[in-house]
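See structure below.
Please treat every number below as a calculation from the coordinates, not as lab data. Everything numeric here is computed off the predicted structure, so don't read it as measured data. In this analysis, Cβ positions are derived from the backbone assuming ideal geometry, glycine residues included, and neighbour counts consider all displayed protein chains.
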């Protein structure tokens, strides 16, 4: 049973029994609940926390949980109709839109109902996260001298130095002074676009691309312009044509395990991309989000574009979140020249600095012997899950086409085949108990065909992937006519 499902069921069971206890009466101990319901202590703790959040119980550290006083009748809801006027007044002519569409991002963040298999996740399942190593790192970090003081606005020097070595590689072309510690990759991308692209300007993006990037661009008042990607990454001739046609001064790309296609920018195209951007007087934002998600059959990864950039064209972004936990929001921005001062100023205005205990914990984690072991384990598990999901699709849903089998990352980019579009496929999948991400939000213009993104990282194990495909097969067969059978 999923941990989240167990928590919800235990919370409901405890709710149904609350009338047995007087107001202020003590509930059974956590140990008693563990033994009675045969769940883990963590499940009990989370279920009680849920009841406390609903105002049904009060928890007292060291004493236990007690039934709280029933709430009085809820007040009448406020009349918020005035806000429609306040939020939209004089907004039609704004360069930066006042409303933000986060729907493309929320697809990967919303938790599906219990029992639904998550093929829409953008993070590692807890079973793949280095929870023990992170807990140990956080405990050590909290005991460091000055751990709870204010850090330098640029980030801890030791952490900046570590990121510089990771980004610059053997060439040593990136220095600690070129690095700013950020609050995760999304924050770093937002800072980069705000620094490089003024409101109203075009921003070149890969097509398809990460919906979170499109949301950042649009919420900043920029106009994302698509440049198609194939199995070898962005197509240089189309990139050059896009720069010439739009006058853009920014191109955002993911050269390693591109989201969602999994493509790796080829060796031949890498210098071409830098040359084209330099000729256009433009920056390249290198979003290196998946470098730590290589599969164990990927072979040596190419160096970062930042390490091969003699003209300071590249603004490099990376994060520790993807290979660890959604809550370890520590990343980095690397750049050289006057743009670094602008990046620093924007980041300071937005966030002041990244939490020092979190930086200290990140430094402890990446410096521990458990870190390389964790990356090797993730590499092997991601490859296994990729092969299991791809194999299940070939056997059960041969009409679903996977144009490119990635050697890194956590998703397959697939064409559903058959009648209907990606939204219809996703709706059918959800009714069958499988959450997938429709492909439309990954395109900033008309998509060339229906696509869906199938993540294999957010489930407990590979058996769930096989079960997900079985459910999809059953649902699609049920809705197909004789001439449209998927098998």
Test: residue in the stretch 228-250 that is under 19 Å from residue 101 (Cα atoms), surrounded by 18 or more Cβ atoms within 10 Å (Cβ to Cβ) and touching a helix residue (DSSP H, G or I) at 6+ places or on another chain (Cβ under 9 Å): no
Residues of the stretch 216-266 that turn out to be out of contact with any strand residue (DSSP E or B) (no Cβ under 8 Å at 6 or more places or on another chain) and assigned to a strand (DSSP E or B), as a count: 1
Restricting the stretch 404-421 to residues that are more than 22 Å from residue 464 (Cα to Cα) and touching a helix residue (DSSP H, G or I) at 6+ places or on another chain (Cβ under 7 Å), the residue that is surrounded by the fewest Cβ atoms within 10 Å (Cβ to Cβ): 419
Matching residues, the stretch 153-169, being assigned to a helix (DSSP H, G or I) and in contact (Cβ under 8 Å) with a residue 24 or more places away in the chain: 158, 159, 160, 162, 163, 164, 166, 167, 168, 169
Near pairs, Cβ below 7 angstrom, 6+ apart or cross-chain, from the stretch 435-449 (without any contact (Cβ under 8 Å) to a residue 60 or more places away in the chain) to any residue that is in a loop (DSSP other than H, G, I, E, B): 440/447
Qualifying positions in the stretch 356-376 - farther than 15 Å from residue 166 by Cα and in contact (Cβ under 8 Å) with a residue 12 or more places away in the chain: 356, 357, 358, 359, 360, 361, 364, 368, 370, 374, 376
Residues of the stretch 296-319 that turn out to be within 22 Å of residue 194 (Cβ to Cβ), free of Cβ contacts under 8 Å to residues at least 60 places away in the same chain and assigned to a loop (DSSP other than H, G, I, E, B), as a count: 3
Those strands (runs of 3 or more DSSP E) lying entirely in the stretch 383-481 with at least 2 residues closer than 19 Å to residue 293 by Cα: 411-414, 452-455
